[in-house]
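Chemist: One structure is given below, represented as structure tokens, and several questions about it will come after.
The values are calculated or read from the model by the stated rules, or taken from the named source; none is laboratory data. Quick caveat: nothing in here was measured; it's all calculated off a predicted structure. Heads up, the Cβs are rebuilt from the backbone with ideal geometry, glycines too, and the neighbour counts pull from every protein chain shown. To get the accessible areas, we keep the full protein, side chains included, count just its heavy atoms, and leave off ligands, DNA and RNA. Shrake-Rupley method; radii C 1.70, N 1.55, O 1.52, S 1.80 Å.
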Amino acid sequence: RSKRRGRGQITVYSREIAQEMKRATQLEQALRNAIIADTVDVHFQPIVRLADNRVVGFEALARWNDVDLGFVSPAVFVPLAEERGFIDTLSETLLRKAAEATLAWPRELFLSFNLSSAQLMDPRTTLNTLSILNSVGFDPRRLELEITETAVMGCADTAHRIFSELRDFGIKISLDDFGTGQSSLGRLRDFTFDKVKIDRAFVSAITTDRTSEHIIKAIVTMCEGLDLEVVAEGIETVAEADRLRALGCGMGQGYFFGKPADAAATLRYLSEHHHEFALVDRASS
Ligand code: C2E
Ligand code: MG
Ligand code: MG
Ligand code: MG
């Protein structure tokens with residue numbers, strides 16, 4: 001009996017696995033088509049200086065709204081592109097689009113762009129990145145690349161080399177989702193980062209949970225000592241923004257300041273606040 005049930009379970013599992021693989025392959029094909037059709041888009045979310053709530057830069061976030069599949073989260077399709085070996089193609093498309101859009105913004109604003117773990121294991125990443133910036137005419141000193149601790153751990157030696165090559169060109173490196181990975185403090189000692197982004201998990205608990213508040217306070221103090229800039233992610237309320245400002249956190253990002261929006265909406269937003277920026281027109285930049 002038990003043997004029969006065992007076999008039955010195996011059949012059920014393998015059917016589920018087969019279905020899952022089929023779904024992933026359909027998604028992969030649709031994503032590859034979307035890249036070719038150039039329908040994977042990039043949106044931008046403002047990052048502000050908490051002292052005066054002024055926008056200092058934007059993070060680029062990938063967006064894919066498929067005609068058949070509907071909205072697919074980058075938390076789904078980015079890992080898929082990594083697994084199936086075409087994250088470089090996807091990322092190059094996104095970086096080109098993001099850099100082109102950024103050319104129309106005031107010069108003092110930076111662009112923050114997410115790198116995936118596979119790209120930190122690929123020695124061609126530096127050259128690929130620089131050649132895209134060069135072809136767009138984008139100043140590398142305006143670019144920041146976000147990476148997660150987990151991604152750095154995957155291939156420390158190559159990542160180390162890529163970081164120092166990129167930093168030679170003035171590109172900054174941000175440690176994303178800080179506090180959620182493993183051996184956070186060790187990462188800070190072994191690698192040279194310019195900025196730390198405190199994960200939303202701590203930020204969303206800051207007004208209700210003393211522990212999160214203490215952790216944020218400690219991160220801010222530590223970053224001051226290490227001469228690192230700090231961004232709090234996922235700020236949704238005025239209370240959170242006020243608390244973080246009081247704790248000395250330099251920058252913030254979240255729905256409270258602005259949700260990710262497409263290039264046109266971002267440009268409209270910037271021109272409505274033109275008194276705060278020295279807007280440059282694209283042709284003259
Ligand atoms: P991330 O880099 O940590 O990006 C922040 C995520 O938090 C974004 O989710 C953003 O929309 C969301 N977010 C921002 N403010 C708030 C807030 O106040 N409340 C809440 N609940 N969420 C907020 P999104 O756009 O879904 O991206 C998810 C993840 O996918 C990103 O996390 C990043 O790891 C990855 N990703 C997105 N775009 C790219 C890309 O172009 N390349 C790579 N390699 N990864 C990307
Ligand atoms: Mg990020
Ligand atoms: Mg993050
Ligand atoms: Mg994240």
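Chemist: For region 1-99, give me every one of the strands (runs of 3 or more DSSP E) that falls completely inside it and has 2 or more residues that are surrounded by 15 or more Cβ atoms within 10 Å (Cβ to Cβ).
Modeler: Numbers: elements: 40-49, 54-66, 70-72.
Hits in region 1-99: 40-49, 54-66.
Chemist: Shifting gears a bit: When only residues in region 161-187 that are surrounded by fewer than 19 Cβ atoms within 10 Å (Cβ to Cβ) and polar (S, T, N, Q) count, which is farthest from ligand 4 (Cβ to nearest atom)?
Modeler: By that ranking, first place goes to S164.
Chemist: May I ask you to list the residues in region 188-201 that are away from ligand 2 (no atom under 16 Å from the Cβ) and either within 19 Å of S116 (Cβ to Cβ) or crowded, with 18+ Cβ neighbours inside 10 Å (or both)? Before you say what the answer is, go through the steps one by one.
Modeler: Let us first name the residues in region 188-201 that are away from ligand 2 (no atom under 16 Å from the Cβ), namely 188-192.
Once the filter is applied, which keeps residues that are away from ligand 2 (no atom under 16 Å from the Cβ) and either within 19 Å of S116 (Cβ to Cβ) or crowded, with 18+ Cβ neighbours inside 10 Å (or both), region 188-201 yields L188, F191.
Chemist: Please name all residue pairs, on different chains or six or more residues apart, with Cβ atoms under 7 Å, provided the first residue is in region 52-77 and is more than 26 Å from L270 (Cβ to Cβ) and the second residue is surrounded by 10 or more Cβ atoms within 10 Å (Cβ to Cβ) and of a type in the set (D, E, K, R).
Modeler: So the pair list comes out as V72/D66.
Chemist: If you take the residues in region 220-248 that are more than 16 Å from ligand 1 (Cβ to nearest atom) and part of a loop (DSSP other than H, G, I, E, B), which one is most open to solvent (accessible area, probe 1.4 Å)?
Modeler: Checking each candidate, the answer is D227.
Chemist: Here's another thing I want to ask about it. Is there any pair with a first residue in region 97-117 that is touching a residue at least 24 places away in the same chain (Cβ under 8 Å) and a second that is open to solvent by less than 20 Å² (accessible area, probe 1.4 Å) and among the charged types (D, E, K, R) whose Cβ atoms are under 6 Å apart and which are 6 or more apart or on different chains, and what are they?
Modeler: Qualifying pairs under 6 Å: F110/E144; S112/E59; S112/E144; S112/E146; N114/E146.
Chemist: Is it the case, given these coordinates, that F138 is at pLDDT 95 or above and within 15 Å of ligand 1 (Cβ to nearest atom)?
Modeler: So F138 fails the test.
Chemist: Now a separate question. Restricting region 100-115 to residues that are open to solvent by 10 Å² or more (accessible area, probe 1.4 Å) and of a type outside the set (A, V, I, L, M, F, W, C), which is nearest to ligand 1 (Cβ to nearest atom)?
Modeler: Going through the qualifying residues, I end up with N114.
Chemist: What are the residues in region 200-222 that are more than 13 Å from L244 (Cβ to Cβ) and either charged (D, E, K, R) or touching a Cys at 6+ places or on another chain (Cβ under 8 Å) (or both), if any?
Modeler: Within region 200-222, D209, R210 qualify.
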